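A short write-up of the structure that comes next.
Every read-out reported here was derived from the displayed coordinates using simple, explicitly stated rules and does not represent laboratory data. Because the structure is predicted, anything quoted here is derived from the model rather than measured. Cβ placement follows ideal geometry from the backbone for every residue including glycine, while neighbour counts extend to all protein chains displayed.
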Amino acid sequence: MAEESEKAVPGTLGELARKLASLLSLLILGGVLSILSPYFLTLDNLFAIGLQMSVIAIIAIGQMLIIISAGIDLSVGSILALSGIVCTIFLADGVPLGLALTGGVAAGTLCGLVNGFLVSKGRIPPFIATLGMMGMARGVALILSGGAGVQLSSLPESFIFLGAGRLFRVVPVPVVITAVLAALGAGLLKYTRLGRYTYAIGSNQEAARLSGVNVQRCLIYIYTICGALSGLAGVILSSRLRSGQPTAGTGWELDVIAACVIGGASLSGGEGTIAGALIGALIMGVLRNGCNLLDVSAFWQQVAIGAIIVIAVFIDQYRHSKGAA
Amino acid sequence: MAEESEKAVPGTLGELARKLASLLSLLILGGVLSILSPYFLTLDNLFAIGLQMSVIAIIAIGQMLIIISAGIDLSVGSILALSGIVCTIFLADGVPLGLALTGGVAAGTLCGLVNGFLVSKGRIPPFIATLGMMGMARGVALILSGGAGVQLSSLPESFIFLGAGRLFRVVPVPVVITAVLAALGAGLLKYTRLGRYTYAIGSNQEAARLSGVNVQRCLIYIYTICGALSGLAGVILSSRLRSGQPTAGTGWELDVIAACVIGGASLSGGEGTIAGALIGALIMGVLRNGCNLLDVSAFWQQVAIGAIIVIAVFIDQYRHSKGAA
Amino acid sequence: QDKRLRILVSPKGLTHDFWLSVKAGADSAGREMGVEIVWKGPAAETDIAGQIAIIEDYINKRMDAIVMAACDTKALIPVVERAHAEGIPVITIDSGLDSDIPLSFVASDNVRAAEKAADILAQLVGERGAVALVNFIPGAATSIWRETGFNQGIEKHPDIILAAVQYCQADVATAMTVTENILTAQPELKGIFAANEAAAIGASQAISARNLQGKIKLVAFDASPAEIEGLNSGVIHALLVQNPFAMGYLGVKSAVKAIHGEPVEKRIDTGVTVITPDNLDQPEIQKLVYPLGRK
Amino acid sequence: MGDQPLLVMDRIVKSFPGVRALDQVSLTVRRGEVHVLLGENGAGKSTLMKILTGAYPRDSGSILLNGNPVEIESPQQALALGISMVYQESHLARHLNIAENVFLGREPRYGSLPGLIDRAALWEHTREHLAELNLSLSPRTAVRSLSAAQCQMVEIAKALSAEARIIILDEPTAALAEKEIDRLFGIIRALKQRGVTFIYISHRLEEIAAVGDRITVLRDGRTIGTVPSATDPRELIRMMAGREIGELFPRDFSAPGEELLRVERLRREGVLRDISFSARAGEIIGLAGLVGSGRTELARAVFGADRRDSGDIYIRGESVEIDTPEQAIRAGIGYLSEDRKLLSLALGLSIRANVTLAGLKKYCRGPFIHQGKEYQAVESYIKELSIRARHPDQKVRTLSGGNQQKVVVARWLATEARVLFFDEPTVGVDVGAKAEIFSLMNALVRRGGAIIFISSYLPELLAICDRLLVLSRGKIVRELSREEATQEEILYYSALGN
Ligand SMILES: Nc1ncnc2c1ncn2[C@@H]1O[C@H](COP(=O)(O)OP(=O)(O)OP(=O)(O)O)[C@@H](O)[C@H]1O
Ligand SMILES: Nc1ncnc2c1ncn2[C@@H]1O[C@H](COP(=O)(O)OP(=O)(O)OP(=O)(O)O)[C@@H](O)[C@H]1O
Ligand SMILES: [Mg+2]
Ligand SMILES: [Mg+2]
């Protein structure tokens, strides 16, 4: 909102306050849950949350880039499914693991590339371009798999390790991957030209163009990165599920976008951090986990999660405007 | 895109070109289908399309208002379900028809009102506010119905008429309702203050505020109208389904938004017409219908629809920039 | 023009082995009887309006008969009435309609089968302790029947408590997540009933990820290859298997009969079979599990 | 009680996080006067006025209208009290047409039904107001298709049409040329006769003398004093800055060097006709012309921001391919655009990100930004241009208008471009900062660069350009050397093609 943005806190202090606000929501949520359920604050459960959320979080990193550039990617869930299917079909056909993984991620990357082309060269609004890709990637995933899950008769150890392994016997591998990717993403945004241009495009695309930024090329990069990350997430998920599922990730696009917005991104672009994407993804994960731990009935769970998403953002908004007014 | 807006054709001529472009996509689509399938251009089939799309189109009218104001409403599908449930529960409890219908629409209106409050007074980004409502309304629909469809033992004739009746024995009632609402919506946008303010808010919210427009009140009106229309659509759908379905309308928010964007709306606000919403909804409907008539396999259908959505908008975009450059 | 009969077979969903087996059965009957099968269902099992649109479109396309698994017991009545009015015979399979128009209903009894599942699970956990239900879509008829049946079954076993009910939205990843969370919240859990294929696969992944196979008894519906795999590896202890192939096959056969004006049976029960590691190798079970032969 | 002041703003305090923008500022305005607010960039002028219109809440202090305390909490309330304002930043809804913008929030009603707009009356009233300003535009023209100057005129029409008792004009002439300014002053005088009171903000001192009655000077968020408009400009500058300003137009002229840029037969359908000119090292070339004469279009076409229909561009005698701004920048051409909000600034980003946006490669090793070098450079520009900011990472949105403009100037100085198009670079910049910008321009051409300087403010053009190109209807109608050029001469040729 124009009004709100005018009150924005300048400089690093504001950024910090903003980050802290969503972090605060996360901590409150965690605190409440630890009181309500003795199982919440166990290492097992925390890692389980991390594991459950890692797939969403990896996609959220890519989605965050796109949202910062004032775009949106609705196709992430479908790309995730397609990549998982491609990877497992390769594995089922006896293709070596490395090649199968690469194939899966490549499928996602390709979809992202197409998104990028449609948005930049084709001038198609991101919402429509990726909505189209959402249908196409899902359709192809269904066609390739014939509609059924792709079962693997023999599972390479290292494939299982990707989704279910533990580093040093403790930390789940997907969590480690997420952390590494998040660090890379944050570095990209902060320390590279592409990152800087992403913010500039999201804040004022025409100004970026008139400053010599090759807007089209940047957009292609960003959407491709998001596609690649969705592809990687799909491969990891299929390792966790030990199969390729053509319907995996249905509706996750909204979860991922919600994670980004809860984490402080603005859909009108120019704002957002990778840390925010992670915190947002964690809030969503903790919410779901908490509802299950407390055995909230599935129907009430929908109500509760809906309400808490709104409240989390409201707290953020409120602190934000408080700090500034 | 900033670039695009700069090249925009000024005044009414541009509007017309834009409208014609999506109309053109629709006509091309219709033409191709009439050649490919002898069943397409039959009165039965055309009314079937109209009937199938009327629910989506009614919601799209409300969604269009919100998109013009630079917002988005993800909760329309859930509100539709909730309203249907409320109405059918009332009917099942023997409440008189008029009251039951009012109750259903009122439930939707209330949800819209809450959306409006969250967005305007609560300063919660529309995406998040309505994402929350999407969960809450769906949850309440499930709770009220106990998760199962609400079955009606006796069906009042006039209730059935609402969704399945034919005016003068020919035109389906929902199609008539859609036409009337569309005319009202177009009038609202063109001839009333609220309509002009909707464009102004979407175009430059701060400018509207500084000109003395009560932005918050306008937003509340707009979201309430969209809620009411979704509620009405829900009541009509439950008449067509002869039952209340708590899972009705799942995922329709994307269809509705796509209809608006295909019809020329811009998600960054300030642009769009009711005629466009109708054309967009029709394009989506004709696409689905065409895939059925041509026996396109369900998986390929997803691919095809995804591709055609992109192409339709591309044609629009291309003509648009052609006309202006 | 081609004089071959055309029959629309409309399932509730297009994915998962269950519906693919129905399709296999329908196709096989189609080949046998020389009719063309059009396979068309909504994208999601909750998309009732989508199924209505499909049936409407195919009535407009003048199909010779419609075989359908109804997404809702009431909502599809008006279109079916229209089909009837146009003289198109309708057969329901798997999920029926509250209407007399369908000439036949070819299905197994979900409530009874789920009740049986409760008995088996109770027996497996030693008639004592906490069990959980991982169901699929809240509000879907089959999902409700299975929950109802399971509840009825559990009530017959006084020392068994149903500690948690969660839904997986017919999505494997969600099923895995909710099962993990149930396992965390219910450390005393003895057994799980997974009410469909996706729930079963997700639950078995969650159990084996925590190395609880054998300790948690898992009883599940359906018999996809992944579930058979689970049965072989000891994660799943019993499967309740319907006969989707027969539903598709008999549905189409009845439809052809109806087109030719021959009488058809109003209710055909395709039955439910319990598969355990012990009887898996029996030939009739193998036929049920691999209707098209082993892949 | 003829002596009672119309408006008193008493000890107004307003803080933004980290900065006290207004510290006990008081302002007394008499009925029927044109009261000028004067102050350096960031002094608090706009903030004070936004408090008066209810756009910002104030922290403390009181507002008296006709001696009665009033609470102004929203723009609606201000309008109801008869206060309207032309904001420094454009506030038009670009998707609506002129009439809808002019009457936004005050549409004529139709019939008794609530909410209906009398569209015929809307067009008619708007046409009258436009005619009053001598604007020959249809009320139904979409605002997005107007040039900056036309937008500004529409904003003025909007403020005047509100029939307010107090009209606030925050730098209304920044985007206007001589003719429009004269017309505006005429209208101000006429309305003054009718008892309307004006508060007028501008950085052009001779304007102030021409139209103002009394002047209140602000510095660093404090009131320095109120003086009559006849006060000596040097005294005013001293009050504003708290110090003497050196030379206002620092420039040393020397013989131009090699040819840097040559443009031949540039054409763009309907906008530019057969434009040829060249620029040499060490030159500042002025582009003069009326609003809509195509100066901006010329710069944009050379810079690759808009499509050209034909024409060749040579850099140091070699033909270059320029179809995008990226290529132009690579060829060493820069373009500072006239609309800082729409076309220049990423308002939500930091000063640092904005300053280095065009020249980011300079601070990079491969794809990586060398943050230390970047901070250093940005900090030095903040000092050189005296940008009033607390930190290089402060968001540009929170800067005052003039300081935002300086950020844009810094961006182009920070590139390695040797040929720079400066389109109205001094819009909204105070006297002192203007001198600093000119001195930087001077330094740049002395190092062997060339600047093509577009300004609607003729004294500026005359003072610092080596030669002037006069544009009319998209054609260069005359080239004037520094010696030949006078205001009359320029105006004469500008009007030629019309
Ligand atoms: N929204 C805001 N948030 C934070 N600080 C602000 C905001 N708006 C203005 N300021 C600060 O308040 C001070 C006064 O700004 P103001 O815009 O009133 O200056 P001004 O006198 O109008 O200057 P100019 O001549 O450049 O327009 C400046 O230091 C500016 O940075
Ligand atoms: N975005 C636009 N769309 C259509 N026409 C435009 C647009 N911008 C400018 N024009 C028209 O192009 C012509 C020249 O443009 P412009 O006014 O920018 O020239 P200028 O000499 O730079 O004047 P200014 O003093 O306003 O900068 C004018 O007739 C103007 O109306
Ligand atoms: Mg100012
Ligand atoms: Mg210009």
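Just order C:107-114, A:204-211 by mean Cβ neighbour count inside 10 Å, highest at the front, would you?
Highest-to-lowest ranking by the protection proxy: A:204-211, C:107-114.
List every residue whose amide H lies under 5 Å from the amide H of C:D109, counting only residues 5 or more places away in sequence or on a different chain, with H placed 1.01 Å from N in the peptide plane.
C:G271
What nm distances, shortest first, do you get from the label point of A:L27 to those in the other copies when the point sits 7 angstrom along Cα to Cβ?
Distances between equivalent label points, in nm: 6.3.
Within the stretch D:1-42, name every residue whose backbone N is under 12 Å away from a label modeled 7 Å from Cα of D:E71 along the Cβ vector.
none
Tell me whether the stretch C:172-295 comes out rounded, prolate or oblate; compute the Cα gyration tensor, take square roots of the eigenvalues as a ≥ b ≥ c, and use a/c under 1.5 as the rounded threshold.
Because a/c hits 1.5 or more and a/b exceeds b/c, the stretch C:172-295 counts as prolate.
Let me know the number of lysine pairs in the stretch D:259-496 closer than 23 Å at the Cα, not counting same-chain pairs under 8 apart.
21
Over the Cα atoms of chain C, each weighted equally, I'd like the Debye log10 I(q)/I(0) at q = 0.13 Å⁻¹, rounded to two decimals.
-0.86
Given labels modelled 7 Å from the Cα in the Cβ direction, how far is it in nm from A:V180 to D:E488?
It is 7.9 nm.
What is the set of long-range amide H partners of C:V67 at a cut-off below 5 Å, with H atoms built 1.01 Å from backbone N?
C:L8, C:V9, C:S10, C:I91
Can you tell me the 0 to 90 degree angle between the C-alpha axis of helix D:487-496 and the longest principal axis of chain D, rounded to 10?
The answer is roughly 80 degrees.
To test your reading of the geometry: what angle, between 0 and 90 degrees and rounded to tens, separates the Cα axis of helix D:431-446 from the longest principal axis of chain D?
So the helix axis and the longest Cα principal axis differ by about 10 degrees.
Quick one: Karplus J couplings for the stretch B:303-317, per residue in order, coefficients 6.51, -1.76, 1.60, θ = phi - 60°, nearest Hz, x for Gly and Pro?
4, 4, 5, x, 5, 5, 4, 4, 5, 4, 5, 5, 4, 3, 4
Checking the table C:K3/C:K61; C:K40/C:K61; B:K121/D:K158; C:K23/C:K74 against a 18 Å threshold on Cα-Cα, which pairs fail? Walk me through the numbers on the way to the answer.
Details: C:K3/C:K61 15 Å; C:K40/C:K61 13 Å; B:K121/D:K158 28 Å; C:K23/C:K74 24 Å.
Over 18 Å apart, Cα to Cα: B:K121/D:K158; C:K23/C:K74.
Using Cα springs under 10 Å in a Gaussian network model of chain A, which residue among A:S238, A:S266, A:S75 shows the largest mean-square fluctuation?
Result: A:S266 has the largest fluctuation of those listed.
In chain A, what is the volume of the convex hull around the alpha carbon atoms, normalised per residue and reported in Å³?
141
Kirkwood Rh over alpha-carbon pairs of the protein assembly as shown, then Stokes-Einstein at 10 °C and 1.306 mPa s: what D in µm² s⁻¹, rounded to an integer? Don't jump to the answer; show the numbers that get you there.
Numbers: Rh = 34.3 Å.
In µm²/s, the coefficient is 46.
At 0.692 mPa s and 37 °C, plugging the Kirkwood radius over alpha-carbon pairs of the stretch B:229-325 into Stokes-Einstein gives what diffusion coefficient in µm²/s?
Values: Rh = 15.1 Å.
Translational diffusion coefficient: 217 µm²/s.
Got a sec to turn the phi values of the stretch D:50-67 into Karplus ³J(HN,Hα) couplings, 6.51 cos²θ - 1.76 cosθ + 1.60 with θ = phi - 60°, whole Hz, x for Gly and Pro?
Coupling constants for the stretch D:50-67: 5, 5, 5, 8, x, 6, 10, x, 9, 7, 7, x, 9, 10, 10, 10, 6, x Hz.
For the stretch D:5-241, take the convex hull of the Cα atoms, compute a quarter of its surface area, and give me that in nm², please.
Details: hull surface 53.5 nm².
Value for the stretch D:5-241: 13.4 nm².
Shielding of D:142-148 by partners, i.e. mean partner chain Cβ atoms within 10 Å per residue?
Partner-chain Cβ atoms within 10 Å, mean over residues of D:142-148: 4.
Could you work out the mean count of beta carbons from other protein chains within 10 Å of each residue's beta carbon in C:216-228? Write out the running numbers ahead of the final one.
Numbers: counts 0, 0, 0, 0, 0, 0, 0, 0, 4, 6, 9, 1, 1.
Partner Cβ neighbours, averaged per residue: 2.
Find the relative contact order for chain A and round it to a whole percent, using C-alpha pairs within less than 8 Å whose residues are 6+ positions apart. Could you put the intermediate results ahead of the total?
Details: 573 pairs, mean separation 115.5, N = 325.
Normalised by residue count, the contact order of chain A is 36 percent.
Using θ = phi - 60° and the Karplus form 6.51 cos²θ - 1.76 cosθ + 1.60, what ³J(HN,Hα) does each residue of the stretch B:251-256 get, whole Hz, x for Gly and Pro?
Result, rounded to whole Hz: x, 5, 3, 5, 4, 5.
With the label 7 angstrom out along Cα to Cβ, how close does B:F161 come to the same site in each of the other copies, in nm, nearest first?
Label point to label point, same position, other copies: 7.3 nm.
Please provide three numbers in whole Å: the alpha-carbon extents of the stretch D:205-279 along the principal axes, with the largest listed first.
Dimensions of the stretch D:205-279 along the principal axes of its Cα atoms: 55, 35, 24 Å.
Can you give me the C-alpha center-to-center distance between the stretch A:115-174 and the stretch A:71-110, rounded to a whole angstrom?
So the two Cα centres are separated by 5 Å.
Under a 10 Å cutoff between Cα atoms, tell me which one of A:V32, A:V173, A:V95 has the largest fluctuation in the Gaussian network model of chain A.
Result: A:V32 has the largest fluctuation of those listed.
Using only the Cα atoms of the stretch A:32-160, construct the convex hull and provide its projected area averaged over every direction, in square nanometres to one decimal.
Numbers: hull surface 42.6 nm².
About 10.6 nm², averaged over all directions.
Amide H of D:I168 versus every other amide H placed in the peptide plane: which residues, excluding those fewer than 5 positions away on the same chain, fall under 5 Å?
Close amide H contacts, sequence-distant or interchain: D:S84, D:M85, D:V86, D:I199.
Using the scaling law 2.2 N^0.38 Å as the reference, what is the normalised Cα Rg of chain D?
Its radius of gyration relative to the 2.2 N^0.38 Å reference: 0.99.
Compute the helix-to-body angle for C:17-33: its Cα long axis versus the longest principal axis of chain C, expressed 0 to 90° and rounded to tens.
With both axes taken from Cα atoms, the answer is about 30 degrees.
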